[in-house]
1. For the structure I just gave you, tell me whether residue C:119 is over 30 Å from residue B:61 (Cβ atoms), in contact (Cβ under 8 Å) with a residue 12 or more places away in the chain and more than 8 Å from chain A (Cβ to nearest Cβ).
2. Search the range A:68-82 for residues being part of a helix (DSSP H, G or I) and out of contact with any helix residue (DSSP H, G or I) (no Cβ under 6 Å at 6 or more places or on another chain), and hand back the single one that is nearest to ligand 1 (Cβ to nearest atom).
3. Please work out if residue A:368 is away from chain B (no Cβ under 14 Å) and away from ligand 1 (no atom under 16 Å from the Cβ).
4. Going residue by residue through the range C:70-84, is there one that turns out to be crowded, with 21+ Cβ neighbours inside 10 Å and at pLDDT 95 or above?
5. Return the total of residues in the range B:49-63 being over 18 Å from the mean Cα position of the chain (by Cα) and touching a residue at least 60 places away in the same chain (Cβ under 8 Å).
6. Taking the conditions exactly as written (at pLDDT 95 or above and either within 16 Å of the chain's Cα centre (by Cα) or within 13 Å of chain A (Cβ to nearest Cβ) (or both)), does residue C:129 satisfy them or not?
7. Can you pull out every residue in the range A:324-339 that is within 14 Å of ligand 2 (Cβ to nearest atom) and within 17 Å of residue A:414 (Cβ to Cβ)?
8. Any residue at all in the range C:132-155 that is facing chain A (nearest Cβ under 9 Å), at negative phi and not in a helix (DSSP H, G or I)?
Ligand code: NA
Ligand code: NA
C-alpha cells in the first residue's frame, strides 16, 4: 500500500497531470494518513502571503515579459555585436552573452530561444557558421544565465532553503554572488569552443567600428542603467531583492511603454496577463509544495532517506557523483521550478549531513538543471527549438551534443570544486 | 481505553534547534515520557519549520499541532493581558519583573486559558535593546535608519511611530537576510537572541537602555491536552512549570553572558544621559495613552502593576 | 462565426478574470514603487503596504493559476504529448483532467471550511483587516480550477467517444 499511492502519483505525473495537482495530492494523501485535518492545505497555501521575498517573483517576471515584447532584444544584440563582434567567434560569443543576460531576467522559460533565436540564427548563418552549430548554440543558450542575478530559479532556491531552518542561513543575495563565477565558467567554456569552431569562418572577422559602437550605445541609453540599477543595487547592498524588483518593474514599464512606446497600451494588457500566468504556474506549485514539504518534515522523510543512503554511500564525493546523475535525469523530466520545490526539501538536509554547503548545493543543483533543459531525449528546450526552427528533434540532438559535453565538464567542475561558488563570499569550503 | 494510549504533543517554535531553550525542552520531554511511562511524548519542531507564530496558532486550531512556544505578541488577539509585561519602560531592572510575577502571572494565564488554551509556561525572555550601526541616542539619530518591528507587534510599531519613525514590519525569519541586504539596519532584540540568530554580526551599536521585556509562552490547545488523563495532565503541567522556573534563572545568566560576549565581539554600548532617557520615557507614555484607547493592553491591570512597582521602588 | 450566448458569457467571465489579474498587478507595481520611493525620499514607508503586497502575491498566483487552467498552461511533465500517439494522449487526458478536478475540489472544500473557521475566530491579516476575505481567494480559485478541469475532462471524453482528435479542435477547446 505504501508504495502503491506514490507509484500512481508518479504515473499520473508522467501522463501530464499538472504538477501542482500531483504535489497537492501527495500532501493530501500524507496528511490524510496521519489524521491531520485537510484544512492544513489552506494554512500552508496562505503562508505564501507571509513571505516578503516572493514579491520579487511577479515583479521580475512582469519586467522580463515587457523587455521580451519590446525591441530590447534587438538592441542587446546590436550593442554586444558592436563591442564583441571583432573577436574570432565574436558573433557566437555575442549570442552567448545576450542569451545569458536575457535568461537571467526572463528565467529560462523558453522565452530566450523564441525571442532571441529568431534574431541570432539568421545572423550567425550569414556570417558563415555551420548550421548545426548555430542550432546547437541557440538551443544551449536558452538556459544559459540561470546562475546570474536576478534569475527566478536562484530566488526560488533561496525561498525554499529558507523554509528549512538551517544552521547556515541561505540568503538570496549570497546566492546571487555565488552564481557569478560558475556562470562565468560556463560562458567562457562555450565561448572558447565557439572561437575554435569559427576559426575558419572568414566573414566573421569584422573590424571594430567606432561609429557603430557609439550609435549602438546611444540606442541602448534607456536600457543601459538597468543592469547597474538591479545588479549594482543588489550586490551593493542598497536594495533588498524585492525592492530591486519593484524598481525594475516600474523602470521597464516607464521606458518601454511611456518613453519608447514600443508596447501600446492595448498590447500591455495581454503582456501583463501572460506574465501572470507564468507567475500563477510557479506560485501554485510553490504554494502546494509548502504543504507537501510540511508533511515531509512532519513525518521525518529526509531523515529516513538519509538513513537509507548512509548505509550505501559513505563519503561526500560518492554522494555528489550519484546526485549529479540523479539531477541530470531529473532535469530532463522536470522543469526547474518544480524540481526546486519538490527535491530541495529532501536533498538539502541530506547534503548538509555530507558536509555540502547549502549555497554550493544551490549552485550545483541549478547548474545540473540547466544541462537538463537540453539533455536528450526529452529536455524541454530541444522541443522548443525544434518547433521554433522547424527542424526534427533528432537533428537538435546531434547539434547540441558537443555543447552538452562541454557544459557537462563545467557542471562537474562546479560540483566538485565548491570554492568556485563560495570563494567570492569568503566562505571556506 | 483511549487514556492508556500514547499521545504525542507536537510543539512548534521559532527558536532554533541547539539553543539552551531547546535543550531544556527536550530534557523536560524525556522526563515527561519517563514519568508517564511513555504515555505522553513530545515532538518539537524548532527553527520555524512550521511557519510563523501566527501560522502555528492556526495549525493548533485545526489540530495539526498540539501547541507552540510563541511570543506573547502573537496571542494579543486572543487575550490582551499577554501584553502586560511587554509595554515599554515598565520595568527599570529585570529584578523588578521577577518581583511582581508571582502576583501578576495568574492574571495572564487565566485570561489565555479562558480562551481555550492551556498555558504550560510563561517566561521572561530578557529585555529588548535597540541595536543599530551607529549611536542612537535621540530621535534625530534615527533619520536615515531603517528600523525593524516584528510583524503584528502593535506595541513596538506604535512606540516607534510616536517617535516619528516608520518601522519596517517583517516576520522574524526575514530579519537576518534583511540586515544583510540593508533593508533594515536597526532592530530591538534581547542580547541572547541577537547572538543565537546571528544578527549581532551585522550590528555595531547597542543603546544601553532596556526597552521592554519580551515574554514568551508555551500554549497547548485544550482539545489536544484533554486527550491526556488527568494524572498525566498534572505531570506535564508540573514538569513544564519546573522547567520554566529553572529556565527563567538560566535566562538571566544567559543574558549577562551574552552581554559579555557582545562586548568581546566589539559591540559598542551607548550610554544615555538622564535627559535623553526622560525623552524616551515621555515618548513611551504617549504611545501607551494611544494604545490604551485602542484596547491593545489591559489598562486597569496595568495600572495595578504600576502601583505595585511604585510601592516596590519607594520601599527601597 | 456567430457566438452563442454561452460563448459570450464565457468571454465576459474571461475578461473579468483577466482584468482582475491585471489590476492586482498594476496596483502591486504602483504600491511597491511608492513604498520604496517614500522610504528613500521621505524617510518612512507606509506600514500597511508591505503586508498588503504579500497578500497580493498570493492573489496574483492563484488568479494566474485560474487563468492558466483555461488555456492548459500549467507546468507538467510533457512526455506523453511529445512521445505518445495523439489517441493515447487524449485518453490519458481524460484521466489526468478528472484527477486534477478531484484534487482541486478537495482543496477548495477544505479551504472553504478553513476560511469559515478563520471568520469565526476573527483571525486578523494585518492592521485591522480580517484575514478571511483575503483568504477566500483560496477556495474560490481552487473551486474555479476544479470546474475548468471538469469541463476539460468532459470535452476529452466527448472527443474520444466521437473519435475526434485533439489537434483539430485544440484552439477552441483551449478557451474552455
Ligand atoms: Na528573472
Ligand atoms: Na528540465
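The values are calculated or read from the model by the stated rules, or taken from the named source; none is laboratory data. This structure is a prediction, so every number in the text was calculated from the model and none was measured. All Cβ positions, even for glycine, are placed from backbone atoms using ideal geometry, and neighbour counts span all protein chains on display.
1. Details: over 30 Å from residue B:61 (Cβ atoms): no; in contact (Cβ under 8 Å) with a residue 12 or more places away in the chain: yes; more than 8 Å from chain A (Cβ to nearest Cβ): yes.
No; evaluated as a whole, the condition is false for this residue.
2. Here the answer is A:72.
3. Numbers: away from chain B (no Cβ under 14 Å): yes; away from ligand 1 (no atom under 16 Å from the Cβ): yes.
Yes; evaluated as a whole, the condition is true for this residue.
4. no
5. 3
6. No; evaluated as a whole, the condition is false for this residue.
7. Of everything in the range A:324-339, those that are within 14 Å of ligand 2 (Cβ to nearest atom) and within 17 Å of residue A:414 (Cβ to Cβ) turn out to be A:326, A:327, A:328, A:330, A:331, A:336, A:339.
8. no
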